[in-house]
Amino acid sequence: MTKARVVGGALSVALFLLALVFLVRHRTVAPPPASPAEEAGSTAPAAAEKMEERDAQGFLHGRVTTLAGATWEGRLRFGGDQEAFWSDAFNGRKVENAWVRHVPPDRLPRERRGFSVFGLELGRRERPVSFVRLFMARLGDLSRIEAHGGRVRVTLKSGTVVDLDRLEASDFDDGVRVWDPRRGVADLGSARIRVIELLPGPRTGRVPTRLQGTVRTAQGSFRGDLQWDRESCVGTDELPGRTTEGVRRVRFDAIRSLERREGAVLLVTHHDGRQLSLARAPGRGWGGRGTYVDDPRYGRVLVPWEALERVDFEPGGSGPSYEDFPPGAPLSGTVSTRDGRRLSGRFVYDLDESEVTDTLDAPSQGVDYMLPFGLVASIELPGADERPAPRARVTLHGGEELRLELAGDLGERNAGLLVFAADRPAPEFVAWADVARVDLDRPKSFFPPPGGRDE
């Protein structure tokens with residue numbers, strides 16, 4: 001058989017497989033008609049939660065309208081067992097970057113990448129950096145989420161509209177569970193959802209407890225609302241693990257503390273003092289993806305498994321309500337360059353973040369910080385001759401100073417800043433290598449308030 005026939009046959013198989021994947025993934029864009037069961041409202045989960053009347057204002061609430069016109073309204077949880085609160089993040093991938101058109105083509109950042117055949121590098125070529133970015137926003141900052149064919153359209157409270165790739169809008173693709181007091185509990189798949197309208201919920205209700213406490217690391221402690229393994233966030237969620245007697249699952253509302261031991265082992269201490277060693281078990285819920293902490297000093301941090309020492313749980317309320325999140329405002333302030341220029345006005349950071357609700361993402365000593373720009377007073381970059389391990393100096397409006405690593409939004413892949421000065425007809429682009437300091441105006445209103453919530 002000739003090489004041409006081998007290559008041609010392989011190419012045909014590859015094209016067939018790609019087409020098959022495309023058709024399977026696009027089934028959510030053109031869903032089948034709603035079933036009678038969905039319209040009747042009999043899609044309740046198999047296991048009901050044991051819940052009591054308590055503070056409920058921090059739980060997600062909204063109205064879901066299906067493609068068939070049915071409406072469900074009540075408490076929400078994305079994916080059935082994932083995002084449940086207003087401070088949780090909704091994630092996806094943007095379809096396009098509207099800010100790139102303001103940058104002269106010859107000034108757009110470029111990168112050099114090598115290409116190889118059978119492991120042998122044949123050369124390197126330069127190409128523009130990808131400007132299609134991920135989307136992440138707190139659910140309390142959103143007003144609606146709607147399906148538009150191959151896109152998911154997200155509207156923020158500020159009025160900003162962002163289109164996400166339907167195949168990459170992962171939190172929407174997971175569907176949503178609705179606790180409707182009139183119709184019952186329903187798990188609605190994304191293929192049947194037309195729009196999700198986010199609305200203020202009742203102050204009290206029959207809801208589970210929220211996970212809150214202190215996460216301890218070698219670098220310090222973080223205290224606030226928790227998402228274990230980036231998902232588990234209520235007391236009725238379960239922690240799986242292996243014991244000498246087999247697989248065990250422990251409800252979080254029975255746990256007083258978790259302590260990481262050598263290897264993939266957790267020492268679980270119950271409220272009554274009993275202790276149990278759990279080894280890593282397959283499946284979600286273990287903690288290998290890290291723990292989110294909504295620490296009011298910083299907005300949100302992610303503590304990876306490797307940095308975790310201990311978690312101490314404590315009782316608390318359900319967290320901030322929908323009304324606690326005011327509409328976001330444009331980023332504004334002054335950008336100082338290394339050659340001494342000062343540019344003031346509205347600006348776009350990293351050709352992506354444009355509102356105070358967007359986040360500055362960067363690590364420090366094994367912990368990932370997701371700082372809402374509304375909390376940030378200034379960003380000072382190190383000089384070219386600063387050694388060793390240069391870091392950025394990030395000062396918060398509350399007065400605290402963080403030394404963050406030059407990675408993430410502070411790394412060399414930052415695409416630069418656009419500054420819209422009031423006295424100029426067009427924005428000025430500042431390459432990241434030319435930025436010395438960014439001073440941000442303090443927003444009139446923001447959650448959490450700069451300096452943290454009052455205890």
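Within the range 173-189, being touching a helix residue (DSSP H, G or I) at 6+ places or on another chain (Cβ under 9 Å) and either part of a strand (DSSP E or B) or of a type outside the set (Gly, Ala, Ser) (or both) holds for Asp173, Asp174, Val176, Arg183, Ala186, Leu188. For the range 156-172, the candidate set comprises residues that are part of a strand (DSSP E or B) and among the hydrophobic types (A, V, I, L, M, F, W, C); within that set, the residue that is most open to solvent (accessible area, probe 1.4 Å) is Val161. Across the range 255-270, the qualifying residues are those that are part of a strand (DSSP E or B), of a type in the set (A, V, I, L, M, F, W, C) and open to solvent by 10 Å² or more (accessible area, probe 1.4 Å), and the one among them that is farthest from Arg210 (Cα to Cα) is Val265. Could you check, for the range 316-332, whether at least one of its residues is open to solvent by 10 Å² or more (accessible area, probe 1.4 Å) and modelled with pLDDT under 95? Yes: one or more hits. The set of residues from the range 105-155 being of a type in the set (Val, Ile, Thr) and either touching a Pro at 6+ places or on another chain (Cβ under 7 Å) or modelled with pLDDT under 90 (or both) comprises Val117, Val129, Val132. Number of residues in the range 321-349 that are more than 16 Å from Pro443 (Cα to Cα), touching a Pro at 6+ places or on another chain (Cβ under 7 Å) and among the basic types (Lys, Arg): the value is 0. Restricting the first member to the range 94-107 and to residues that are more than 20 Å from Leu164 (Cβ to Cβ), and the second to residues that are at pLDDT 95 or above, the beta-carbon pairs closer than 6 Å and six or more apart or on different chains are His102/Leu418; His102/Pro427; Val103/Phe429; Arg107/Phe429. Among the residues of the range 192-209, those identified as surrounded by 17 or more Cβ atoms within 10 Å (Cβ to Cβ) and either small (Gly, Ala, Ser) or part of a loop (DSSP other than H, G, I, E, B) (or both) are Gly201, Gly205, Pro208, Thr209. The sole residue among Thr357, Thr337, Thr395 that is in contact with a Gly (Cβ under 6 Å, 6 or more places away or on another chain) and of a type in the set (Ser, Thr, Tyr) is Thr357.
Is it the case that the range 338-351 has a residue that's assigned to a loop (DSSP other than H, G, I, E, B), over 26 Å from Gly224 (Cβ atoms), of a type in the set (Lys, Arg) and open to solvent by 60 Å² or more (accessible area, probe 1.4 Å)? For the range 338-351, residues assigned to a loop (DSSP other than H, G, I, E, B), over 26 Å from Gly224 (Cβ atoms), of a type in the set (Lys, Arg) and open to solvent by 60 Å² or more (accessible area, probe 1.4 Å): present.
How many residues are open to solvent by 20 Å² or more (accessible area, probe 1.4 Å) and either in contact (Cβ under 8 Å) with a residue 24 or more places away in the chain or part of a strand (DSSP E or B) (or both) if we restrict to the range 401-420?
Here the count works out to 8.
The set of residues from the range 284-315 being open to solvent by less than 20 Å² (accessible area, probe 1.4 Å) and in a strand (DSSP E or B) comprises Thr291, Val293, Asp294, Val301, Leu302, Val303, Leu308, Val311. Within the range 387-400, the set of residues being part of a loop (DSSP other than H, G, I, E, B) and either hydroxyl-bearing (Ser, Thr, Tyr) or open to solvent by 60 Å² or more (accessible area, probe 1.4 Å) (or both) comprises Arg387, Pro388, Ala389, Glu400.
If you filter the range 364-377 down to residues that are open to solvent by 20 Å² or more (accessible area, probe 1.4 Å) and over 15 Å from the mean Cα position of the chain (by Cα), you find that the one that is nearest to Gly398 (Cα to Cα) is Ala377. Restricting attention to the range 210-219, the residues that are modelled with pLDDT under 95 and open to solvent by less than 60 Å² (accessible area, probe 1.4 Å) total 0. Within the range 327-350, residues that are in contact (Cβ under 8 Å) with a residue 40 or more places away in the chain have Cβ atoms under 6 Å from residues that are of a type in the set (Phe, Trp, Tyr) and open to solvent by 10 Å² or more (accessible area, probe 1.4 Å) in these pairs: Gly345/Phe420; Arg346/Phe420; Val348/Trp99, counting only partners at least 6 apart in sequence or on another chain. Of all residues in the range 219-236, those satisfying the criterion of being outside any strand (DSSP E or B) and either without any contact (Cβ under 8 Å) to a residue 60 or more places away in the chain or within 14 Å of Gly58 (Cα to Cα) (or both) are Cys233, Gly235.
For the range 71-87, what are the residues that are in a loop (DSSP other than H, G, I, E, B), in contact with an Asp or Glu (Cβ under 9 Å, 6 or more places away or on another chain) and of a type in the set (Gly, Ala, Ser)?
First, pick out the residues of the range 71-87 that are in a loop (DSSP other than H, G, I, E, B): 79-84, 86-87.
From what is left, the residues that are in contact with an Asp or Glu (Cβ under 9 Å, 6 or more places away or on another chain) are 79-83, 86-87.
Answer for the range 71-87, where residues must be in a loop (DSSP other than H, G, I, E, B), in contact with an Asp or Glu (Cβ under 9 Å, 6 or more places away or on another chain) and of a type in the set (Gly, Ala, Ser): Gly79, Gly80, Ser87.
When the range 237-253 is limited to residues that are assigned to a strand (DSSP E or B) and without any contact (Cβ under 8 Å) to a residue 40 or more places away in the chain, the one that is least open to solvent (accessible area, probe 1.4 Å) turns out to be Val250. Of the residues in the range 421-445, how many are crowded, with 20+ Cβ neighbours inside 10 Å and outside any strand (DSSP E or B)? So the count comes out to 1.
The values are calculated or read from the model by the stated rules, or taken from the named source; none is laboratory data. Keep in mind the model is a prediction, meaning the values are calculated, not measured. Please note: Cβ atoms are built from the backbone with ideal geometry, for glycine as well, and neighbour counts cover all protein chains shown. Accessible surface is based on the protein model in full, side chains and every heavy atom, while ligands, DNA and RNA are left aside. Shrake-Rupley method; radii C 1.70, N 1.55, O 1.52, S 1.80 Å.
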